[in-house]
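Worksheet: one structure, shown below.
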Amino acid sequence: MSTRSDHTGNQTVSAQDQMVSGSAWMTAGSIFSRILGAIYIVPWSIWFGTFFLQANALYGKGYNIYSFFLIAAIAGVPSAIAKQVAHYNALNEYGISVRLYKRGLVIALLTGISIALLLFVGAPLFTGGDRHLIPVLHSLAWAILIIPTMSLTRGYFQGFQQMAPSAISQFVEQLARVAYMLLTAFVIMYVMKGDWVSAVSQSTLAAAVGALCGLIVLGVYYWRRRDHFRGLVAGSNNELVVPAKQLYKEIIAQAVPFIILGAGITIFQLIDQYTFAPIMHLAGNYSDAYLNDLFALFGVNANKLIMITISLSSALAVTVVPLLSEAYTRGNKHEISGQLTNAFLMFEFVMIPAALGMAAVARPLNIVFYGQTQEALGSSILAFSSYLSILLGLYTVVSALMQGISQNRRAVHYFAVGTVVKFIVQWPLVYLLGAFGPLVATGIGLFVTCYLIIHSLDVQFGINYATIAKKTNGILLASIGTFAIARVVVMVGSLAGSNGRIISFVVTAIAAALGGYFYVYMTLKSRLADAIIGDRVAGIRRRLHIH
């Protein structure tokens, strides 16, 4: 395993160790946040009662629109800042990194204010005819005022390979958001027997409450580490002179492609949101309420759960960008090739078993979160979405890899090709397959994009497919075993004859525990985990008494 030297000549940890350590923090923060973001749905659905599917569809539609505006407000600046900060840090120009952060704050404040105003004032134009969306979008506009500054600060820490502040602030943000959501939903729907649209609006306002709490956490971290940052600045080379105008230009040049690529999955979801009902009206005589229910099943319910597994790849993607940027700055093609190979292996190592495991427990998991509402169709959609999540996660990683080597324009071009493919196949697939159509169309579109990006990376830097293929076999075998064990547990659990939430939770927990232990045992026993994650897993093997 190769190591690198810093600017003082001291040996530093290997790129793989940095990637693993950073991914561990970002994965933990992202996973806990996603789990919190999914668990709330259980009491939330109970309090909304018969209005649940309508409320969840409204919530999902509002968040899809909000996500697009948020990405525009953030403008890709956090990832761009992380990339550029890592670039200047690799040159021992920490003073420029600090100036870059301060200039980025100006951009974040301006874009946050302008995009929030646009969403608030223009809300009636983005509803697609659903007047209930207006108050929801108004409440979400407040979050856009805060989140750009918070996200920018996370990017600054990530540029220094300090992932803990980002992960912890992310968890606190989600905890505060969920607490506010549940409190207001309980008071409005259960205590006051109030209007469900007002309750949804308060649930979306929770995004602003959570963002404020997350920003406070980052502020505390920055204050505690201010002396460390000052020390790095004092030891800088100070050989580069970068005018303020150039700093702004660098941020914007790096940020714009991040907007498009970061919004990739959201763009596909918006295509579904605005095309699904019109296509289905052509396919048959369906009511708007029924189509809203279907949209909730594939566009909100299943999506909320698979984002838990996709967050694994998102965490990896965030970690990879600054590391690749450093290697690219040094012009080390061999190191870039090694990091690309490591990134793909780490992605497979966590994503494949997670996706297959969720597919295996789709039915009881769906009942735990969403009850008996259209249980059969909802479970089938969740299982299919779980398989699809591998492609969604892969897109998140490969688009980040292209950004890490400053090939943003090429990545945007490949995404545009995939989007065109999605548009072409969307209409016939939705017409023929109904609620499964948008999911299949998304899979085809993202497959095209991922193939083009991976092919480009291989041509330029060489991806060690032999190493990946050899280890993928082990990952697949262990993952299939995990799937089989979980499925057996689910089948046995079904003999209990109850479809209630408690029985389903117990079955899901047992299946996850047994399947997960099998995967961990097999990858540790075969030393596959050592080859991908590093020697640090030896301690886990000793504690589990695996020889």
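Laid out as a table, the results:
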| read-out | value |
| --- | --- |
| Over 28 Å between alpha carbons, listed pairs 333/470; 470/525; 422/471; 333/471; 102/304; 333/525 | 422/471; 102/304; 333/525 |
| Long-range Cα-Cα pairs in region 369-456 (distance over 19 Å), rounded percent | 47 |
| Average accessible surface area per residue within region 449-547, 1.4 Å rolling probe, Å² | 56 |
| Per DSSP, loop trypsin sites (Lys or Arg not before Pro) in region 151-249 with at most 16 further Cβ within 10 Å | 193, 225 |
| Residue-span extension gain [residue 228 to residue 538] - 0.36 nm each, minus C-alpha spacing | 108.4 nm |
| Coil-residue chymotrypsin sites (Phe, Trp or Tyr not before Pro) of region 158-188, DSSP, other Cβ within 10 Å capped at 10 | none |
| Calculated P(r) of region 442-547 - Cα pairs past 23 Å, % | 52 |
| Using a Förster distance of 45 Å, the FRET efficiency for residue 517-residue 130 (Cβ separation, nearest 0.05) | 0.50 |
| P(r) histogram, all alpha-carbon pairs of region 321-374 included - 5 Å bins from 0, percent | 4, 17, 15, 12, 10, 9, 8, 8, 7, 6, 3, 0 |
| Inter-label distance, nm, simple model (7 Å from Cα along the C-beta direction), residue 525/residue 239 | 5.4 |
| Using a Förster distance of 41 Å, the FRET efficiency for residue 249-residue 35 (Cβ separation, nearest 0.05) | 0.55 |
| Charge dipole of region 143-238 about the Cα centre (unit charges at C-beta), most positive-ward option of 188, 201, 150 | 150 |
| Difference of contour (0.36 nm per residue) and Cα-Cα distance, residue 220 to residue 42 | 60.8 nm |
| Relative contact order (%) - region 454-547, alpha-carbon pairs under 8 angstrom, separation at least six | 27 |
| Calculated FRET efficiency for the pair residue 467/residue 546, C-beta based, R₀ 30 Å, to 0.05 | 0.80 |
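The values are calculated or read from the model by the stated rules, or taken from the named source; none is laboratory data. The model shown is predicted, which means the values in this text are computed figures rather than measured ones. With ideal geometry, Cβ positions are generated from the backbone for all residues, glycine too; neighbour counts draw on all protein chains shown. Please note that ligands, DNA and RNA were not included when accessible areas were found on the heavy atoms of the full protein model with its side chains. Shrake-Rupley method; radii C 1.70, N 1.55, O 1.52, S 1.80 Å.
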